[in-house]
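Inspection log for the structure reproduced underneath, given as structure tokens.
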Amino acid sequence: MRIVVLGGAGIIGRAILKDLADDREVKEIVVADLDLEGAKKAAAAAVRPGVTAARADVTDHAALVGLIKGAGAVINSVQYTFNLPVMKACLEAKVHYVDLGGLFHTTRKQLELHEDFRRAGVTAVVGLGSCPGVANVQARAVADTFDTVESIRIYNGATPDQGDSLAWAYSIQTIFDEITLPPVVFRNGKFEETAPLGEEEFYRFQDPIGVAKTHLSLHSEVATLPLTYARKGIQECFFKITFFGYSEKALRQLQFLASLGLASTDPVEVRGTKVRPRDLLFEVLKRAPQTERTKSLGFKDIVTEVRGTRGGRPVVGRVETTAWPHEKWGLSGGTMLVGSPPAVVARWLAQGKVKTAGVLPPEQAVEAASLFRELESRGARTTVGVAEPFPG
């Protein structure tokens, strides 16, 4: 079994690699990245045979096709804006594909390739990390058993860094987009845009998070769940998160910088040189906060609530997945829950365990109980409960 991890030198790529490297059935792992030296370091850190590094420029279609051809699966952990060209390379190479999400709009474009992948007999699972990913499968765990689905509400909580650090737990480019782009919610049976970081709500997570403030964010769960459960009459779907893993103080600082235009990708001229403000901000942030970071507790809690009916009676389903840090891998619970699901499903794809071809969201491609068992073996606990609401 050969699996290629694109973006393997990045934060999440290295987490995916740790999961794959622990499985001796995965005979060959290719850590591919534009940063070849970073890929070599990540491969060497695996400390096992069969892990190699390669340079990968995902904008070079022919070279990418040549790199991935013959692989059992490709896990794409590069910036989500490159999802479509990577998918098209996988389609030409006839290699199964998994990614971590497309921040709603890219995901919707990816779904348009469904018939092409289906005809080629290839499977692409889009949006399979923690959120999106685990959350979608949580929804499936109960929504598939309901006769009708009224709403799906997703809450993503984590213990923040204790030092109000501006260091990031995943792509800072994606975080900037989540801070600045309007979230899409599904409300009254229609998609609509809302204000960035809006509709704050206090939500009760498990300790040590406890009651925490959540807010809307542009996310791919909302891009697919209303489509999957349209036939069951879904009217509402949203995703809320606790400040992207930052403390509220740290997030407000980033929000302020974005409000000044420093997260913009539109070039400005400075003394005769054109500069993207976001690039400058990224370089400044790389230098400042990383060394001042205080350790986080690293606890993650993802909750999906589904309301609907079963047997003519109203029911409420609640699925919760929690994870403490993975000590052996040196990963926080949140990072593990992003990296392990694509690693698990890439194995399944390479082994032929996912039978449906086409471009599929996690709630259509991934069997819930099987994924939860795999995550439990890595220390993540999932509980599923369905109850009738108290009358009155």
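The values are calculated or read from the model by the stated rules, or taken from the named source; none is laboratory data. In this text, all values refer to a predicted model and were calculated from it rather than measured experimentally. For neighbour counting, all protein chains shown are included, and Cβ atoms are generated from backbone atoms with ideal geometry for every residue, glycine included. Areas reflect the complete protein model, heavy atoms only, side chains present, ligands, DNA and RNA absent. Shrake-Rupley method; radii C 1.70, N 1.55, O 1.52, S 1.80 Å.
How much net charge surrounds residue 22 when only other residues with a Cβ under 14 Å from its Cβ are counted (Lys, Arg +1; Asp, Glu -1)?
+3
So if R0 is 35 Å, what FRET efficiency would residue 370 and residue 327 give, r being the distance between their Cβ atoms, rounded to the nearest 0.05?
The calculated FRET efficiency here is 0.90.
Calculate one ³J(HN,Hα) per residue across the stretch 174-180 by plugging θ = phi - 60° into the Karplus curve 6.51 cos²θ - 1.76 cosθ + 1.60, and present them in order as whole Hz with x for glycine and proline.
5, 4, 4, 5, 5, 6, 9
Between rounded, prolate and oblate, where does the stretch 151-270 land on the alpha carbon gyration tensor, with a ≥ b ≥ c its root eigenvalues, rounded for a/c under 1.5, else prolate if a/b exceeds b/c?
Oblate is the answer for the stretch 151-270, as a/c is 1.5 or above yet b/c matches or exceeds a/b.
In a GNM of the chain with a 10 Å cut-off on Cα contacts, which of 163, 13, 333 has the highest mean-square fluctuation?
Result: 163 has the largest fluctuation of those listed.
Could you work out how much longer the chain between residue 235 and residue 195 gets when fully extended? Use 0.36 nm per residue separation minus the Cα distance between them, nm to one decimal.
Additional length available on full extension: 12.4 nm.
Measuring from centroid to centroid over Cα atoms, what is the spacing of the stretch 322-366 and the stretch 176-194 in Å?
Going from one Cα centre to the other spans 26 Å.
Return a whole-number percent for the relative contact order of the chain, with Cα pairs under 8 Å and 6 or more residues apart as the contact set.
22 percent
With a 1.4 Å probe and all protein chains in place, put 269, 115, 305 in order of accessible area, largest first.
From most exposed to least exposed: 269, 115, 305.
Give me the percent of accessible area attributable to carbon and sulfur for the chain, probe 1.4 angstrom.
Heavy-atom surface of the chain belonging to carbon and sulfur, 1.4 Å probe: 52 percent.
If amide H atoms are built 1.01 Å from N in the plane of the peptide, which residues on other chains or at least 5 residues away come under 5 Å of the amide H of residue 233?
Answer set, sorted by chain and number: 149.
Lys/Arg Cβ at +1, Asp/Glu Cβ at -1, dipole of the stretch 327-384 taken about the Cα centre: which of 350, 336, 369 is farthest positive-ward?
So the residue we want is 350.
Taking Rh as the Kirkwood radius, which is the inverse of the mean 1/r over Cα pairs, what is the Rg/Rh value for the chain?
0.95
How much net charge surrounds residue 140 when only the other residues with a Cβ under 13 Å from the Cβ of residue 140 are counted, with Lys and Arg +1 and Asp and Glu -1?
With Lys, Arg at +1 and Asp, Glu at -1, the net is -3.
Along the charge dipole of the chain, Cβ charges K/R +1 and D/E -1, which of 49, 273, 31 sits furthest on the positive end?
The residue sitting most towards the positive pole is 49.
What is the magnitude of the charge dipole of the stretch 228-318 about its Cα centre, with +1 placed on the Cβ of each Lys and Arg, -1 on the Cβ of each Asp and Glu, and no other charges, expressed in debye to the nearest 20?
Computed charge dipole of the stretch 228-318: roughly 420 debye.
For residue 79, what charge total do you get from the other residues with a beta carbon under 11 Å from its beta carbon, if Lys and Arg give +1 and Asp and Glu give -1?
It works out to a net charge of -2.
Run the Debye formula on the Cα coordinates of the stretch 306-361, all scatterers equal and no solvent, and tell me log10 I(q)/I(0) at q = 0.27 1/Å.
Rounded to two decimals, the profile gives -0.99.
Sort out for me the Cα centre separation of the stretch 73-141 from the stretch 32-62, rounded to whole Å.
Spelled out, the Cα-based centre of one part sits 21 Å from the other.
Could you calculate the FRET efficiency of residue 271 with residue 144 from 1/(1 + (r/R0)^6), where r is the beta carbon distance between them and R0 is 45 Å, rounded to 0.05?
0.15
Compactness ratio of the stretch 25-172: Cα Rg over 2.2 N^0.38 Å, N = residue count?
1.21
Limiting things to C-alpha atoms, what are the Rg and the maximum Cα-Cα separation (Dmax) for the stretch 265-392, in angstroms?
Using the Cα atoms of the stretch 265-392, the pair Rg, Dmax is 21.7, 69 Å.
Over the stretch 219-277, one equal point on each Cα, no solvent: what is log10 I(q)/I(0) by the Debye formula at q = 0.27 Å⁻¹?
For the requested q values the scattering log ratios are -1.02.
Pop a pseudo-label 7 angstrom from the Cα along the beta-carbon direction at both residue 283 and residue 63 and give the gap in nm to one decimal.
Placing both labels 7 Å beyond Cα along the Cβ direction yields 2.3 nm.
Might you report the magnitude of the Cβ-based charge dipole of the stretch 59-161 about its Cα centre, with Lys and Arg at +1 and Asp and Glu at -1, to the nearest 20 debye?
220 debye
Given a 1.4 Å probe, how much area per residue of the stretch 349-392 is accessible, in Å²?
That works out to 56 Å² per residue.
Under unit Cβ charges (Lys, Arg +1; Asp, Glu -1), what dipole magnitude, rounded to 20 debye, does the chain have relative to its Cα centre?
Result for the chain is approximately 660 debye, rounded to the nearest 20.
Have a look at 198, 259, 227 and report the one farthest towards the positive end of the charge dipole of the stretch 194-333, computed about the Cα centre with Cβ charges (Lys/Arg +1, Asp/Glu -1).
Value: 227.
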